[in-house]
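Coordinate-derived values only; no laboratory data. Just so you know, these numbers come straight off a predicted model, no measurement behind them. For neighbour counting, all protein chains shown are included, and Cβ atoms are generated from backbone atoms with ideal geometry for every residue, glycine included.
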Amino acid sequence: MKSFRLIFCVLLLCMTGLAGQVLAASPAIESLRGMEAVPATEPPPAMRDYINDKENIARTFEEQPPLVPHEVDKYTINLTENKCLDCHVKQPGKDKAKSVEMSEAHFTDRNGKVLDHPSAARHFCNQCHVPQIDAMPLIGSNFQPLPLPARP
Ligand code: HEC
Ligand code: HEC
């Protein structure tokens with residue numbers, strides 16, 4: 001019994017020694033917010049301008065919600081109104097060139113039923129569509145999309 005305890009203690013010592021070495025060898029972990037102490041206040045990142053009324057930044061993958069190529073701050077979306085629909089729903093007599101029609105998916109409910117009005121599931125447009133800004137990604141990536149099929 002005594003020798004068993006001795007072997008156990010020696011093993012335990014070896015393991016703690018090993019763990020210490022692994023910890024010492026690992027590189028310092030750096031947070032994305034920098035090495036500031038958590039309670040420290042940092043200056044906010046600079047506000048960037050939206051890229052307006054220009055070409056849309058190309059979609060990165062099929063089925064990506066396209067970025068919004070215009071300002072959105074004045075277009076209210078709440079329980080009772082949705083300003084985006086003023087331009088993005090076909091309306092009789094409305095100049096077609098002034099908007100892009102939402103795709104059929106926006107008129108289909110979650111059970112696949114086609115509706116004659118925009119689906120409530122798509123009411124909050126900015127859940128999926130965000131304005132475009134000229135910002136570098138925080139972390140580099142070598143992601144390559146598959147070639148997109150030609151859009152009509
Ligand atoms: C005053 C009319 C108007 C309103 C309101 C409006 N849009 Fe647009 N939107 C346009 C026009 C016109 C385009 C075509 C590109 C351009 O000329 O800027 C467009 C383009 C887009 C596109 C890109 C479509 C594509 O295929 O690339 C998206 C996404 C979009 N708008 C989303 C929104 C969202 C979300 C809102 C509400 C927050 C909104 N729009 C409100 C007129 C409008
Ligand atoms: C759940 C995510 C989601 C929501 C919410 C949503 N969309 Fe989309 N939208 C998409 C996706 C994904 C696409 C691209 C695939 C497609 O065309 O169906 C798209 C495409 C579009 C397009 C381009 C259509 C085309 O043929 O180029 C417009 C314009 C648009 N959405 C406007 C809107 C507006 C306005 C709202 C709010 C009323 C809205 N979307 C809400 C996901 C969403």
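Taking amide H positions as placed 1.01 Å from N in the peptide plane, with prolines and chain starts having none, which residues 5 or more places from GLN132, or on another chain, fall under 5 Å of its amide H?
Excluding prolines and chain starts, which carry no amide H, the hits are ILE51, VAL68, HIS70.
Enumerate the calculated ³J(HN,Hα) couplings along region 73-88 in order (Karplus 6.51 cos²θ - 1.76 cosθ + 1.60, θ = phi - 60°), each rounded to whole Hz, writing x wherever the residue is Gly or Pro.
In residue order, the calculated couplings are 4, 8, 9, 5, 10, 9, 4, 9, 9, 9, 5, 4, 5, 3, 10, 9 Hz.
Which ³J(HN,Hα) values, rounded to whole Hz and listed in residue order, are derived for region 130-136 from phi using the Karplus coefficients 6.51, -1.76 and 1.60 in 6.51 cos²θ - 1.76 cosθ + 1.60 with θ = phi - 60°, glycine and proline given as x?
10, x, 9, 10, 8, 10, 6
Can you return the aspartates and glutamates within cross-link range of LYS113? Criterion is Cα-Cα under 17 Å, with same-chain partners fewer than 8 residues away left out.
Leaving aside aspartates and glutamates fewer than 8 places away in the same chain, those within reach of LYS113 are GLU104.
If each residue of separation counts as 0.36 nm, what is the full-extension length gain between ASP49 and VAL100 once their alpha-carbon separation is subtracted? Working shown, then result.
On the way: separation 51, 0.36 × 51 = 18.36 nm, distance 2.28 nm.
Net length gain for the segment: 16.1 nm.
Are there any trypsin sites (Lys or Arg not before Pro) in region 110-152 that are in a DSSP loop and have at most 15 other Cβ atoms within 10 Å? List them by number.
The qualifying sites are ARG110, LYS113.
Amide H of SER119: which non-local residues (sequence gap of 5 or more, or other chain) have their own amide H closer than 5 Å, using H built in the peptide plane?
PHE107, THR108
If you filter region 55-111 for chymotrypsin sites (Phe, Trp or Tyr not before Pro), then keep DSSP loop positions with at most 13 other Cβ within 10 Å, what is left?
PHE61
Using the basic label-point model (7 angstrom from Cα toward the beta carbon), what is the GLN127 to LYS113 distance in nanometres?
Here the answer is 1.8 nm between the modelled labels.
What percent of all Cα-Cα pairs in region 50-135 falls in each 5 Å bin, counting up from 0?
3, 12, 22, 25, 22, 12, 4, 1
Are there GluC sites (Glu not before Pro) in region 33-72 that DSSP marks as loop and that have at most 10 other Cβ atoms within 10 Å, and which are they?
In loop regions of region 33-72 (DSSP not H, G, I, E or B), the sparsely surrounded GluC sites (Glu not before Pro) are GLU36, GLU55, GLU63.
Along Cα→Cβ, 7 Å out, is where each label goes; now give me the distance between the ones at ALA40 and LYS74 in nm to one decimal.
Simple spin-label model gives 4.2 nm for this pair.
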